[in-house]
Amino acid sequence: MTSQPGTVAFRAARDQLLALSGDPDRAAAEFRWPDVGPAFNWARDWFDVLAEGNEDVALRIAEEDGSEAEYRFDELRLRSNRLGAWLREIGIGRGDVVMLMLDNRVELWEAMLAIMKIGAVILPTSVVLGPDELADRVERAGARAVLAVAEDAQKFAAVPGDYLRVLVGDPGAEALPGWLPLGDAATASDAPLDAGNATEDLALIYFTSGTTNLPKIVGHTHRSYPVGHLSTMYWLGIRPGDTHLVISSPGWGKHAWSSFFAPWHVGATIFVVNYARFDAQALVGHLDRAGVHTFCAPPTVWRLLIQDRLERKPRNLREVVSAGEPLNPEVIARIKEWWGLEIRDGYGQTETTAIIANSPGMPVRPGAMGKPLPGVRVALVDPMTGERAEPGAEGEVCLELDEEPLNLMAGYLGSAEATERARSGGFFHTGDVAQADEDGYLTFIGRTDDIFKSSDYKVSPFEVESALIEHPAVTEAAVIGAPCDTRLNVTKAYVSLAPGWEPTEATALIVLRHARVTLPPYMRVRRVEFFELPKTSSGKIRRVELREREVAAHQAGERLWGEWREEDYPGLKD
């Protein structure tokens, strides 16, 4: 297959970053985003070029029952060509939105490639969503088609709309009238596909997590996501020939980051482990057996690995990273002690690719999320004035807009007002607050709407949570400001307990004492409640629900049942 100019430019940029892996200062100084031209299509102009005649393993999927399937690059090239041709036959074309409600099965990767190849728009969707959420997504995204397995297809009976329904896999005993079998694509042509798209056309759209309100729709182009994930590739430290495993559910941006674009930028093998219930022992066994080189997991998984004391390092593991929420320093220290590897935190949003990280070769400062990645220009902005924050002061993490960031979304679909608000004052506003040290390392402080004041002191929930999870009783914690007539707010911790600990008065006292020893007085936890933390379907804690719960109780003049306060313990004194 002949390489197009966009392919050549993309490869040159990729090769430059690979050569500069381990030298982040040079990479930051020298890297420039490639100009891939006006009609770049990553699936056709990069993946197919990489895959043609390539018999290396592109994808491995391990099941809970011990079975495993492998798919080679050239095989996926041909399978996705057939699927793309068939989608065109049933009426899907350039610009049409195709919802993928699929778990980790080969058809997910085939479909993402195929949809992109024909210039349609991918809408990844989590399988945990219910009919109401699906109806909202189908309507607001204008979905032209839906792909789902039989179990999830049943949900669409309650989802109105004139959209094509495509059934993936065996329908089982129940017939599903109106659903077209994806198996029909097997007889379609596997000839190369010409998408006819522009580089600035939409390629993927995502619904945000909706931690505070109705999810927004993020639109990414054939430039912002496929090309933009060169930054993610650099952060992961992934190399040609590697095997990469990430713990991430389909339907959310991080899955595309690390289970689609970044590994296949370098021709690495994507390794996926399916499980009904997370098993830390089994996961580490897979890491070792499959010879995984690079591994990415959210903080919750890292905490569970530590809880199970999995001290033996998997044999080939070279790079370990974390994303989703900030990683606590205690977790980093424990894995370094056991495995000799430092977990390198990374940061980005649905609206971007990876933008800040501890890159390979960069000394890790526990608690810091790192520095801006190559090609990314970050500014800390005072949320009150809209001006750049003073050196050493906290500020909102923003992207500079004097030159349009390549790895930033095109905008929020259907909401010009939200797009304009996010891009005000010459910056793209992330809504996250951080602080920079003298060497440029950025440390996450919290969401702008999570930070609260107590007795005129600003309290960062993340700092308090980091201290709490150092205690073996605490698996996870969510800290908020509970309204208080005297102090404005007091620090309250909602705690998820580790196995073997009971939600008792004695345990509450232990947690409160631990907070008093490890935190300064203005940050001390003064109330604790043992609680199942509310989360979005992508796993992010919905602190807004906890705040609303506290405000309602305060306004009613009531004390929440199951809450323990420092005044309940006469022995606790300021």
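Take the range 87-97 and flag every residue that is surrounded by fewer than 21 Cβ atoms within 10 Å (Cβ to Cβ), more than 28 Å from the chain's Cα centre (by Cα) and not acidic (Asp, Glu). Of everything in the range 87-97, those that are surrounded by fewer than 21 Cβ atoms within 10 Å (Cβ to Cβ), more than 28 Å from the chain's Cα centre (by Cα) and not acidic (Asp, Glu) turn out to be 88, 90, 91, 93. Here is a check on your reading of the model: is residue 298 in contact with an Asp or Glu (Cβ under 8 Å, 6 or more places away or on another chain), over 25 Å from residue 61 (Cα atoms) and crowded, with 17+ Cβ neighbours inside 10 Å? Considered against the rule, which asks whether it is in contact with an Asp or Glu (Cβ under 8 Å, 6 or more places away or on another chain), over 25 Å from residue 61 (Cα atoms) and crowded, with 17+ Cβ neighbours inside 10 Å, residue 298 comes out as no. Within the range 291-310, the set of residues being assigned to a strand (DSSP E or B) and among the β-branched types (Val, Ile, Thr) comprises 294 only. Of all the residues in the range 36-56, those that are without any contact (Cβ under 8 Å) to a residue 24 or more places away in the chain and either surrounded by 15 or more Cβ atoms within 10 Å (Cβ to Cβ) or touching a Ser or Thr at 6+ places or on another chain (Cβ under 8 Å) (or both) number 0. Pairs are defined by a Cβ separation below 6 Å, a sequence spacing of at least 6 or placement on different chains, a first member in the range 333-345 that is touching a residue at least 40 places away in the same chain (Cβ under 8 Å) and closer than 13 Å to residue 365 by Cα, and a second member that is of a type outside the set (Ser, Thr, Tyr) and open to solvent by 60 Å² or more (accessible area, probe 1.4 Å); no pair meets this definition. Pairs are defined by a Cβ separation below 7 Å, a sequence spacing of at least 6 or placement on different chains, a first member in the range 555-568 that is under 21 Å from residue 513 (Cβ atoms), and a second member that is among the β-branched types (Val, Ile, Thr); the pairs so defined are 564/528.
So is residue 134 in a helix (DSSP H, G or I), open to solvent by less than 70 Å² (accessible area, probe 1.4 Å) and not acidic (Asp, Glu) or not? It is true that residue 134 is in a helix (DSSP H, G or I), open to solvent by less than 70 Å² (accessible area, probe 1.4 Å) and not acidic (Asp, Glu). If the condition is being within 26 Å of the chain's Cα centre (by Cα) and either without any contact (Cβ under 8 Å) to a residue 24 or more places away in the chain or over 20 Å from residue 319 (Cβ atoms) (or both), then the range 20-35 contributes 25, 32, 33, 34. For residue 100, the test of being open to solvent by 40 Å² or more (accessible area, probe 1.4 Å) and either closer than 23 Å to residue 233 by Cβ or not charged (D, E, K, R) (or both) is failed.
Please tell me if residue 399 is open to solvent by less than 10 Å² (accessible area, probe 1.4 Å), modelled with pLDDT of 90 or more and on the phi < 0 side of the Ramachandran plot. So residue 399 fits the description; yes. Filtering the range 402-412 for residues that are out of contact with any Asp or Glu (no Cβ under 7 Å at 6 or more places or on another chain) and closer than 17 Å to residue 446 by Cα leaves an empty set. Taken over the range 137-176, the criterion of being acidic (Asp, Glu) and either more than 20 Å from residue 252 (Cβ to Cβ) or open to solvent by 20 Å² or more (accessible area, probe 1.4 Å) (or both) is satisfied by 139, 151, 162, 170, 174. Only a single criterion out of (1) at negative phi; (2) modelled with pLDDT under 95 is not satisfied by residue 66, namely (1).
Taking the criterion of being open to solvent by 40 Å² or more (accessible area, probe 1.4 Å) and not in a helix (DSSP H, G or I), would at least one residue in the range 505-519 satisfy it?
No - not one qualifying residue is present in the range 505-519.
The set of residues in the range 64-74 that are of a type outside the set (Ser, Thr, Tyr), touching a residue at least 12 places away in the same chain (Cβ under 8 Å) and surrounded by fewer than 19 Cβ atoms within 10 Å (Cβ to Cβ) comprises 64, 69, 70, 72, 74. Restrict the check to the range 483-492 and report whether at least one residue is of a type outside the set (S, T, N, Q), at pLDDT 90 or above and not in a helix (DSSP H, G or I). Yes, there is a match, as at least one residue in the range 483-492 is of a type outside the set (S, T, N, Q), at pLDDT 90 or above and not in a helix (DSSP H, G or I).
I need the full set of residues from the range 348-373 which are open to solvent by 40 Å² or more (accessible area, probe 1.4 Å), modelled with pLDDT of 90 or more and in contact with a Phe, Trp or Tyr (Cβ under 7 Å, 6 or more places away or on another chain), in order please.
As a first pass, look at the range 348-373 and keep what is open to solvent by 40 Å² or more (accessible area, probe 1.4 Å): 361, 363, 365-366, 371-372.
Cutting the leftovers down to modelled with pLDDT of 90 or more gives us 361, 363, 371-372.
371 - this is the single residue of the range 348-373 that is open to solvent by 40 Å² or more (accessible area, probe 1.4 Å), modelled with pLDDT of 90 or more and in contact with a Phe, Trp or Tyr (Cβ under 7 Å, 6 or more places away or on another chain).
Residues of the range 275-290 that are open to solvent by 40 Å² or more (accessible area, probe 1.4 Å) and outside any helix (DSSP H, G or I): 275, 276, 277, 278, 279. The lone criterion from (1) open to solvent by less than 40 Å² (accessible area, probe 1.4 Å); (2) modelled with pLDDT of 90 or more; (3) under 21 Å from residue 81 (Cβ atoms) left unmet by residue 192 is number (1).
Selection of the range 10-22 for residues being within 17 Å of residue 38 (Cα to Cα) and either in contact with a strand residue (DSSP E or B) (Cβ under 6 Å, 6 or more places away or on another chain) or surrounded by fewer than 18 Cβ atoms within 10 Å (Cβ to Cβ) (or both) yields only 11.
Going by the conditions given, is residue 528 under 29 Å from residue 298 (Cβ atoms) and open to solvent by less than 30 Å² (accessible area, probe 1.4 Å)? Answer is yes for this residue.
So is residue 442 touching a His at 6+ places or on another chain (Cβ under 9 Å) and open to solvent by less than 30 Å² (accessible area, probe 1.4 Å) or not? Criteria not met by residue 442.
Tallying residues that are aliphatic (A, V, I, L, M) and under 19 Å from residue 128 (Cα atoms) within the range 207-245 yields 2.
Residues in the range 480-495 that are crowded, with 18+ Cβ neighbours inside 10 Å and either closer than 11 Å to residue 529 by Cβ or charged (D, E, K, R) (or both): 480, 482, 492, 493, 494, 495.
From the list 313, 336, the lone residue that is outside any helix (DSSP H, G or I) and open to solvent by 10 Å² or more (accessible area, probe 1.4 Å) is 313. Within the range 77-101, residues that are under 18 Å from residue 207 (Cβ atoms) sit with their Cβ atoms under 7 Å from residues that are basic (Lys, Arg), at 6+ positions apart or across chains, in these pairs: 96/144; 97/144; 98/144; 99/137. Answer yes or no: is there a residue in the range 374-394 that is β-branched (Val, Ile, Thr), crowded, with 21+ Cβ neighbours inside 10 Å and either modelled with pLDDT of 95 or more or in a helix (DSSP H, G or I) (or both). Scanning the range 374-394, I find at least one residue that is β-branched (Val, Ile, Thr), crowded, with 21+ Cβ neighbours inside 10 Å and either modelled with pLDDT of 95 or more or in a helix (DSSP H, G or I) (or both), so the answer is yes.
The values are calculated or read from the model by the stated rules, or taken from the named source; none is laboratory data. Predicted model, so just to flag it, every value in this text is computed and none were measured. In this analysis, Cβ positions are derived from the backbone assuming ideal geometry, glycine residues included, and neighbour counts consider all displayed protein chains. These area figures cover heavy atoms from the full protein model, side chains too; ligands, DNA and RNA do not enter into them. Shrake-Rupley method; radii C 1.70, N 1.55, O 1.52, S 1.80 Å.
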